[in-house]
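What follows is calculated from the coordinates using simple rules that are stated; it is not laboratory data. Please read these numbers as outputs of a predicted model, since none were measured by experiment. With ideal geometry, Cβ positions are generated from the backbone for all residues, glycine too; neighbour counts draw on all protein chains shown.
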Amino acid sequence: MQIEEQVQAGESVQVEEQMQIEDQVQAEEQVRVEEQMQVERQDVEDQHENENVIPNDVQNNEESNTKSRTKSSQRINVTSVNLDVSDVDSDQSCPICMEQWTNSGEHRLCCLRCGHLFGHSCILKWLQDSCDSTNRRCPQCNKKASVKHIRVLYAKKLTAVDSTEYDNLKKDLIKASKENYNLQQDLICADIRLKVYEEHINNLKKCISKLENKKSKINVDTCPSTSSLTSRKFHLEQSVEICKDGGCRVFDYNPWYKLLAVSQKSTSIFNGYGIRKMDCECFHLRQFIFLHTQAIRDLTFHSTQQTILLSVGFDKCAKLVDIQNNVTVHTYQTEYPLWSCCWSGDNPNVFLAGAQNGVIFQFDIRQTSSALSVLEGNGDKSPVVSMARVPPNPSSGISRGGFIACRLNTCYTYEIKDTNYLSKQMFIGGPFVSVRYDEKNRHYLISSRPNARQPHARHMICTIERNTSNEEIVTYNAVHTFQAGNSQQLLSRPCYLSVEDDTLVAAYVESSSSVSLWSITSGQKLHNLPVSDPVMDLCSFNINNNSFLTSLSAKKLRLYNYG
């Protein structure tokens, strides 16, 4: 019984396998019939297209129909014939881009109605972009073609481009993108930590500044005094950070509004430079006024118009600023970067701006179009590093008023004569750093660096006398010459300081990292104030019968009180 059951089971399995084979054969025949019908429909469409092109030629239509039927029968016969190795395409590259076609993807193998082979992306782009919509043709045989004629081929034997490396590179790109995203997240976290650390450092700096103030009050050094010298001394009253990024250079005091205008680098998103106002009664920083696109080299308040501030910079501009309304009144353009400026001593409407090539531009605030005149440097092309206003004085060598200007290599006085300035050279050894004028004592303070003959930096106090025999020559008399160390790298500007019945000269000494003060009355050094960073500029003022000396470094402003 078991044997009979096994035989019956085997016969049933054979019947099932035979039925499956018959189903597969029927399916293949159905696919072939569908392909034949599709080819015939395509030939009918081609016939209609040919009729549209040559509608009057009936004989051609009959021939095309005959040809299409012949082609259809040929195609049907081809489908029933097996390809052997000799029928495989020998050319494996696209004739448009000359690259090998692939077995998948955008550049896979395809053909047109005419039978020419192309990469799919290339022939699609050719028909859509390179050909006119009414005249699309095969790039090989120039027969009419269209996008719907493109047929994807499934070749039996095809040497296709291996896209494995491309796929691997694509995976690597995705991986690198993820790693980049993770790194960006880490960077954001690091920036947050950096801000926290910077805030902590700023707090520590404030603590250090407070300790520095206490230390300076205790350790302000004074030189040995004689019976004729005052026992009072300067002590550090306040240390104010103007700009943590640096960029401070010059400042000036306004006695009417009791404020300092300090040049600094912009801390906003706009790059450039401007001034920060500081209230000298409460030592409080006020508004920042944006002025120049490049560094500010000099600034000075008007002698009579209380709100007008003049500034010049490396952006080749001179600007008039209303500090009460925080607006720029006017901008004067020049051809060269500007290093220094001053108001004229003979005319309150005229100001001067010294340029990098040694020329001095004369402007009138009532004429905003251009400079009134340009004063040449008499052969000296070095920058005009400093200028000072000189008011009229009948007993002085600049009796009608004007100004004094120092280039790096020469020093000249300029006195108004008729409508022009008459220049006279002062034969003093340079290279020069700064020039100041003291209206109280009618003294000039001319500072210079060490040179081959003079190994020390010098601050000379002198008077300019009137030469009655020759008006073209200027005569000066040296009152004091203060030596300030054997090095002077910075163009640090000294200042005058009125204390009790004496006038002092304050200047930064690089070799000792200190600010020294000399008495004009006695010619002796009175005080030596240590500083932790180089001083760029010095300024003095009096408030409520208190004398203050202020020093400006690249980042900080320090106020010393005399008492």
Members of Lys210/Lys277; Lys175/Lys195; Lys195/Lys244; Lys319/Lys556 lying beyond 21 Å, as alpha-carbon distances in this model show
Lys210/Lys277; Lys175/Lys195; Lys319/Lys556
Please work out how much length the chain gains when fully extended from Val196 to Asn135, using 0.36 nm per residue of separation minus the C-alpha to C-alpha distance, in nm with one decimal.
15.1 nm
For segment 253-487, what is the convex hull (Cα atoms) projected area averaged across all directions, in square nanometres?
14.1
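Where does each of 387-394, 273-280 land if you order them by average Cβ count within 10 Å, highest first?
Highest mean packing first, the order is 273-280, 387-394.
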Those chymotrypsin sites (Phe, Trp or Tyr not before Pro) from segment 395-430 that are DSSP loop and have at most 12 other Cβ neighbours within 10 Å turn out to be Phe427
Table column - 3J(HN,Hα) (Hz), segment 279-295, Karplus curve with 6.51, -1.76, 1.60, x for Gly and Pro
6, 7, 7, 10, 6, 10, 6, 10, 5, 9, 10, 6, 10, 10, 7, 10, 4
If you place +1 on the Cβ of every Lys and Arg and -1 on the Cβ of every Asp and Glu, how big does the dipole about the Cα centre of segment 425-519 come out, in debye to the nearest 20?
340
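Please identify the GluC sites (Glu not before Pro) of segment 426-529 that satisfy two criteria: DSSP loop assignment and at most 16 other Cβ atoms within 10 Å. Which are they? Kindly include the intermediate steps, with their values, before the conclusion.
Values: sites: Glu439, Glu465, Glu471, Glu472, Glu500, Glu510; in loops: Glu439, Glu471, Glu472, Glu500, Glu510.
Passing sites in segment 426-529 are Glu439, Glu471, Glu472, Glu500.
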For 544-550, 367-373, ranked highest to lowest by mean beta-carbon neighbours within 10 Å, the order is 544-550, 367-373
Grab the other residues whose beta carbon is less than 15 angstrom from that of Tyr496, score K and R as +1, D and E as -1, and report the net.
-2
Expressed in nanometres to one decimal, the distance between label points 7 Å along Cα→Cβ at Asn477 and Ser399 is 1.7
Magnitude of the charge dipole, segment 349-507, Cβ model with Lys/Arg +1 and Asp/Glu -1, debye to 20:
340
For Val384, net neighbour charge (Lys/Arg +1, Asp/Glu -1) across residues whose Cβ lies under 12 Å away
0
Cα centre as origin, Lys/Arg/Asp/Glu Cβ charges: segment 92-150 dipole, Debye
320
Arrange the following residues from fewest to most other Cβ atoms within 10 Å of their Cβ: Arg232, Arg366, Arg297.
Arg366, Arg232, Arg297
Around Glu465, under 14 Å between beta carbons, what's the net of Lys plus Arg minus Asp minus Glu among the other residues?
+1
Which one of Pro95, Ser146, His120 is farthest out on the positive end of the charge dipole of segment 92-150, using unit charges on Cβ (Lys, Arg +1; Asp, Glu -1) and the Cα centre as origin?
Ser146
Distance in nm between pseudo-label sites at Asp418 and Ser369 (7 Å out along the Cβ direction from Cα)
2.3
What full-extension length gain, to one decimal in nm, is calculated for Phe290 and Asp186 as 0.36 nm per residue of separation minus the Cα-Cα distance?
33.9 nm
How much length would be gained if the chain were fully extended between Asn486 and Lys148, taking 0.36 nm per residue of separation minus their Cα-Cα distance, in nm to one decimal?
112.6 nm
